[in-house]
1. Angle, helix 133-146 long axis vs. longest principal axis of the chain, Cα atoms, 0 to 90°, nearest 10?
2. If you work out semi-axes √(5λ) of the Cα gyration tensor in Å from the coordinates, which of (1) 34, 27, 24; (2) 43, 30, 19; (3) 32, 27, 21 do you get?
3. What is the local net charge at Ala204, summed over the other residues whose Cβ is closer than 13 Å to its Cβ (Lys, Arg +1; Asp, Glu -1)?
4. Once label points are set 7 Å from the Cα along Cα→Cβ at both Glu215 and Leu425, what is their separation, rounded to one decimal in nm?
5. Give the Cα extents of the range 149-231 along the principal axes, in whole Å, largest first.
6. Just rank Arg406, Arg357, fewest to most, by other beta-carbon atoms within 10 angstrom.
7. Here is the link list: Lys9/Lys156; Lys168/Lys263; Lys70/Lys122. Which ones come out longer than 26 Å on Cα distance?
8. Could you work out how far the C-alpha centroid of the range 298-371 sits from that of the range 1-59, in angstrom?
Amino acid sequence: MKQKFSHAKQYVAQLKSIEMQIDRNQLQDAAMQLNVLVKTAANDPRLFLLGSRLAEAAKNPAAMLLSAHKAHELAPQWPVASIHLAEVLASQYETEKAMAMAEQAVQQALTQSSIDIELLTKAAAVAHRANQHTRAMQWLREAEQVDPGDVSVRYKIGLMLADSGQDKEAIDIFTELLRLRPSNQALLIARMRAYLNLNQAEEARADGNVLMTLEPDSETYQFYLDIAHGRTPATQPASVVTGLFDGYAVGFDQHVVGQLHYKLPRDVAAMINQWHPDRQGDVLDLGCGTGLLGLCLGPIKGVLVGVDLSAQMIAEANLHRVYDSFHQVNVLDALRATPESLYHVISALDVFIYVGRLNTVVPDAYRILVGGGRFVFSCEAGLDQGPDYALQRSYRYSHQRAYVLRLLGEAGFGEIDVVERVLRLEAGEPVHGFLVTARKPVATVKKSSPRKRTPKTE
C-alpha cells in the first residue's frame, strides 16, 4: 500500500534521530523534536507511532494508547499501524480488541503482499498474551514458512510448545538449535525448564551445569539447578521475580481484578479500615505491585509504604498518589532492615507464592509491628501431609497451614485467624489458598520518637 507521507531524505533522517533518542532514553530531546515535526506534518502516522513509543518509555500508558489510536486513524489500512495498536492494546489487557486488531493487521499485510516475519511474530505475541495459544502457534508457523531458517522464530515456536505443555516437542526444537549455538543461554535455560517439566532431572542437571559454567554467579541458573537436584530453594531469586513482572505492569490492575477476579486488596483494605476507623495507622505493603491495596485503601492519615522488586510495578503504584514512599528491594531484605515497632499493619498479598521459607519473615514482621499491630498475608494451599512449603510446577510456592500457624505462635502472635478462600482465577480455574491475620499483643508496645511523614516518590 502506498502511503501519502513524506519520504524526503532529511525528513526520514529526523524520524530516525527521534527513534534513536527514545532508544537512548533521551526523552525530553525526542519530545521536543517530535513536537516540531507534528506542527508541519500532523497527518503523518509515523510521528504518532514514535509518540506512542515515547509515551511507553515515559511510562505513560494513556498517552501510549492515544498515540497508537491516532496513528491507526491516520492510516487504517497500514499493517504497521494496525499491529502496533494491537500490541499496545494487549499490553493494557484489552485482549479482545487486541486480537481483532492483530487479525486485521495480518489480513491487511496478506492483501497488500507485505506479510513478513516481524509482523507475524508480533501478532503471535499478542495472541500469546491473550492466552490464545493455538492462534499464536498458527502465526508462528506462518512466519516459519516465510523463512524456515530463522532461528528466532524456531525458538519462539519452542517456547510456545513448552507453554502449552508440549515439552518433548519443545526439547526437540531447542536441541536442534543448540547444535548451531551450543552456548546460547536462552536456549539452554528453555530446554532445562522443559526437562524439569518432564521430570528428566539428569538432563536438566546437564544443562544447568553448562549454564553455571557460562555464568557462575547467576542466581537464576542456581535456582533451577537446585530444583534439578531435588532441592527446594528457599525463595525465588530477584531476577526471576522482576523478569516476570516488569513486562506486565501496564494494565496489570485491570487484568488481575477484571479477569482473574483478584479481590484480596479490596477485602484487606476493608479490614484495615475496620481496625483503624480513624485512618491513623501506618501500613507497610510488602510486594505492593501496582498498588492495588493503596488504591482500595485510599489516602490515610498515617504513613503508607510500598515495597516491590519491580521498578515498573512501583511506577504504576505511584500513579495512585496514595503511597508516601517506595523501596525497590526484596521482601526479606526489607523486613530485615526495618527498625522495630514502626507499623500498625503489615500486608503481604500474593507475595509468599514467591517466598518459600518464612522462618525469618514471621519474626521480623512481629518485631516491626507496634503492640496491637496486625500482620495480614495470603498463601496458596499446599497438599495435605506435604512439606512445610513446596515449589509447584508453576514455580510458585504453596504453604502448609500448620507450618504458618507454628511460625506465628513461636514468634509470639496472638488472635490468629486463618480463612480458606479462592485467591484468584488461573486459566479459568480457582486457585485455593488461605488469608491469615495475626496480632502482636498490646503489652509489647514501645515508645518511639515521632516520625516525619515520608515525601511521596515522584
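Since every read-out is calculated from the coordinates, none of them should be taken as a lab result. None of the values given here were measured: they were computed from a predicted structure. For neighbour counting, all protein chains shown are included, and Cβ atoms are generated from backbone atoms with ideal geometry for every residue, glycine included.
1. Between helix and principal axis, roughly 40 degrees.
2. (2)
3. With Lys, Arg at +1 and Asp, Glu at -1, the neighbours total -1.
4. 3.6 nm
5. Extents along the principal axes, in whole Å: 35, 24, 17.
6. Arg406, Arg357
7. Over 26 Å apart, Cα to Cα: Lys9/Lys156; Lys168/Lys263.
8. If you average the Cα positions of each part, the centres end up 40 Å apart.
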